[in-house]
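Novice: Quick one: this structure, given as structure tokens, is what I'll be asking you about.
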Amino acid sequence: MRLYASAPPRRTTAPTLLLTALAAALLLVGGLLVFAPDRAAAADPLLSRGKPATASSIEDTGFEPAKAFDGDPATRWASTEGVDPQWIRVDLGAPVTVSRVKLLWEVAYAESYRVEISADGSTWTRLATETAGNGGTDDWTGLTGKGRYLRVYGTERGTPYGYSLYEVEVYGTPDTTTPPTTPPPTTTPPGTGAFTVVAAGDIAAQCTASSSSCAHPKTAAQAQRINPRFYVTMGDNQYDDARLSDYRNYYDKTWGAFKAKTRPVPGNHETYDPAGPLAGYKSYFGALAYPQGEPYYSYDEGNWHFIALDSNSFDDPDQIQWLKDDLARTTKGCVAAYFHHPLYSSGGHGNDPVSKPVWDILYGAKADLVLNGHDHHYERFAPQDPAGRATPDGIVEIVGGMGGAEPYPIETVQPNSQKRISGTYGVLKLDFTDTTYTWQYVGTDGQVKDSGPTYTCH
């Protein structure tokens, strides 16, 4: 075990506690025990109880990072399963000098991890490193780190599960030599009504993180690192037939970590379920996918109106009429729509005319942005009208089908296509303000592979 601290972690075990108790009893009987109240009072106080906490992911509702700082040994934080690395962070509220960090692991422990401290939540200094963890209680003492933010950064799981901590206790004293710091910036750009969305389509192949070639655990990890306001999926969320059992065995293990913040639409693979078209999709997502009783719905965020559509049934007159009525009702200044089948694509599926009537309606309502999947590549188009003519008042279309399914090659480059990437898995990071939008295509390695222009809403 390589250690960056003045003392190793002290693992508390039952035999140790028994020996300690016996020794204390013997000393007391022999009159040799000296009570030192001043020394007990001088112990550094617990600083982390009830402080704001964040994490790279959560396994499910009820396992939020705050559970590791609530003082309740029955509650815990748990990360998504099968994904490395993962981290949990606490904001101590002001600069402090940390002298001790105590970790109480659940069964899902870290074999390798780092304890790190930061003044600004961005640049981290290592306080301690564990390379042979075996769970239980790790008690790091004799530390001398200074900062406002402390995190436990897991690099290798000790089990096939995730990382889970009942408690993280940080002890120390206020640091009067370091000026106060401001919280780190959010992932959204500055400005009124600004927020970030992560989007992807064609996600969960029937594989898990145990396979190095399995991509959806990696796209899920990157999506969580961005930590957006919410997530959007553009269909074919689960392969091959989108059965409920497949959703539970694959999608739920990765993208399911942020299911509660996901606003999905179905793709054609969701219609292949032997239990009936969209049966597994509806059972898995429930009201998240059917908030208005249909597989199409709308919602608002800031000055944006988002429309989620089921492109498997664009021949359904009820959906078309609903779309017209919905656009007529909205009072928001910017409009984005998303559905599975792209009207224009340079990939293997190519252009899909099934979406043309919807584009006609969206264009007539001065919609700004359309997001699609279906073809397994990334592509962005210049603003264009439904006929494919470039025009400044046109709709910007982005194909983001690289969420985890096998990539498709670029075949026939379409007019107005500005950028195409195939073979590199990743997610769309979309940044919105009250009047503008822009985006990046971020690979699973965290690197930006493409950046879009900044557009002003119509």
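Novice: Given Ala223, Ala242, Ala257, Ala209, which one is assigned to a loop (DSSP other than H, G, I, E, B) and crowded, with 24+ Cβ neighbours inside 10 Å?
Specialist: Ala242
Novice: So, of the residues in region 94-119 that are out of contact with any Leu (no Cβ under 8 Å at 6 or more places or on another chain) and in contact (Cβ under 8 Å) with a residue 60 or more places away in the chain, which turns out to be most open to solvent (accessible area, probe 1.4 Å)?
Specialist: Lys102
Novice: If you don't mind, another one. What are the residue pairs meeting all of these: first residue in region 120-132, first residue touching a residue at least 60 places away in the same chain (Cβ under 8 Å), second residue outside any loop (DSSP other than H, G, I, E, B) and among the β-branched types (Val, Ile, Thr), Cβ atoms under 8 Å, and 6 or more apart or on different chains?
Specialist: Arg126/Val115; Leu127/Val98; Leu127/Val101; Leu127/Val115; Leu127/Ile117; Ala128/Val101; Ala128/Val115; Thr129/Val115
Novice: Quick one: how many residues across region 356-405 are polar (S, T, N, Q) and closer than 24 Å to Val442 by Cα? First the steps, then the outcome.
Specialist: Quick first cut of region 356-405, residues polar (S, T, N, Q) only: 372, 384, 391.
Retained after the next criterion (residues that are closer than 24 Å to Val442 by Cα): 372.
Result for region 356-405: 1.
Novice: Taking the condition hydroxyl-bearing (Ser, Thr, Tyr) and within 27 Å of the chain's Cα centre (by Cα), does Thr412 pass?
Specialist: Numbers: hydroxyl-bearing (Ser, Thr, Tyr): yes; within 27 Å of the chain's Cα centre (by Cα): no.
Considered against the rule, which asks whether it is hydroxyl-bearing (Ser, Thr, Tyr) and within 27 Å of the chain's Cα centre (by Cα), Thr412 comes out as no.
Novice: When Phe285 is evaluated against the numbered criteria (1) outside any strand (DSSP E or B); (2) over 15 Å from Met234 (Cα atoms); (3) modelled with pLDDT of 95 or more, which criterion, by number, is the only one it fails?
Specialist: Exception for Phe285: condition (2).
Novice: Which of the following residues is open to solvent by 20 Å² or more (accessible area, probe 1.4 Å) and part of a strand (DSSP E or B): Tyr299, Tyr363, Tyr290?
Specialist: Numbers: Tyr363 fails: part of a strand (DSSP E or B); Tyr290 fails: part of a strand (DSSP E or B).
Criteria check complete, one pass: Tyr299.
Novice: Restricting to region 426-443, give me the number of residues that are crowded, with 21+ Cβ neighbours inside 10 Å and either under 20 Å from Trp255 (Cβ atoms) or in contact with a Phe, Trp or Tyr (Cβ under 7 Å, 6 or more places away or on another chain) (or both).
Specialist: Of the residues in region 426-443, the ones crowded, with 21+ Cβ neighbours inside 10 Å are 426-430, 432-433, 437, 439, 441-442.
Filter once more, so that each one left must be either under 20 Å from Trp255 (Cβ atoms) or in contact with a Phe, Trp or Tyr (Cβ under 7 Å, 6 or more places away or on another chain) (or both): 426-430, 432, 437, 439, 441-442.
Going through region 426-443 one residue at a time, the tally reaches 10.
Novice: Same structure, new question: Does region 90-106 include one or more residues that are among the hydroxyl-bearing types (Ser, Thr, Tyr) and either closer than 22 Å to Gly162 by Cβ or out of contact with any Asp or Glu (no Cβ under 7 Å at 6 or more places or on another chain) (or both)? Walk me through it before giving the result.
Specialist: Just the residues of region 90-106 that are among the hydroxyl-bearing types (Ser, Thr, Tyr), to begin with: 97, 99.
Cutting the leftovers down to either closer than 22 Å to Gly162 by Cβ or out of contact with any Asp or Glu (no Cβ under 7 Å at 6 or more places or on another chain) (or both) gives us none.
Among the residues of region 90-106, not one is among the hydroxyl-bearing types (Ser, Thr, Tyr) and either closer than 22 Å to Gly162 by Cβ or out of contact with any Asp or Glu (no Cβ under 7 Å at 6 or more places or on another chain) (or both), which makes the answer no.
Novice: Looking at the structure I just gave you, is Thr412 assigned to a loop (DSSP other than H, G, I, E, B), polar (S, T, N, Q) and under 16 Å from Arg380 (Cβ atoms)?
Specialist: On the way: assigned to a loop (DSSP other than H, G, I, E, B): yes; polar (S, T, N, Q): yes; under 16 Å from Arg380 (Cβ atoms): no.
Against the criterion (assigned to a loop (DSSP other than H, G, I, E, B), polar (S, T, N, Q) and under 16 Å from Arg380 (Cβ atoms)), Thr412 does not qualify.
Novice: In addition: Would you pick out the residues in region 260-277 that are within 21 Å of Val358 (Cα to Cα) and either in contact with a Ser or Thr (Cβ under 9 Å, 6 or more places away or on another chain) or of a type in the set (Val, Ile, Thr) (or both)?
Specialist: Matches in region 260-277: Arg263, Pro264, Val265, Pro266, Gly267, Asn268, Thr271.
Novice: Restricting attention to region 444-454, which residues are crowded, with 18+ Cβ neighbours inside 10 Å, more than 15 Å from the chain's Cα centre (by Cα) and not in a strand (DSSP E or B)?
Specialist: Going through region 444-454, the residues crowded, with 18+ Cβ neighbours inside 10 Å turn out to be 444, 450, 452.
In the following step, the residues that additionally are more than 15 Å from the chain's Cα centre (by Cα) were identified as 450, 452.
Listed by number, the list holds a single entry, Gly452.
The values are calculated or read from the model by the stated rules, or taken from the named source; none is laboratory data. Computed from a predicted model, the values in this text were never measured in an experiment. Don't worry about glycine lacking a Cβ; one is built from the backbone with ideal geometry, like all the others, and counts go over all protein chains shown. Protein only, heavy atoms only, side chains kept; ligands, DNA and RNA dropped before computing areas. Shrake-Rupley method; radii C 1.70, N 1.55, O 1.52, S 1.80 Å.
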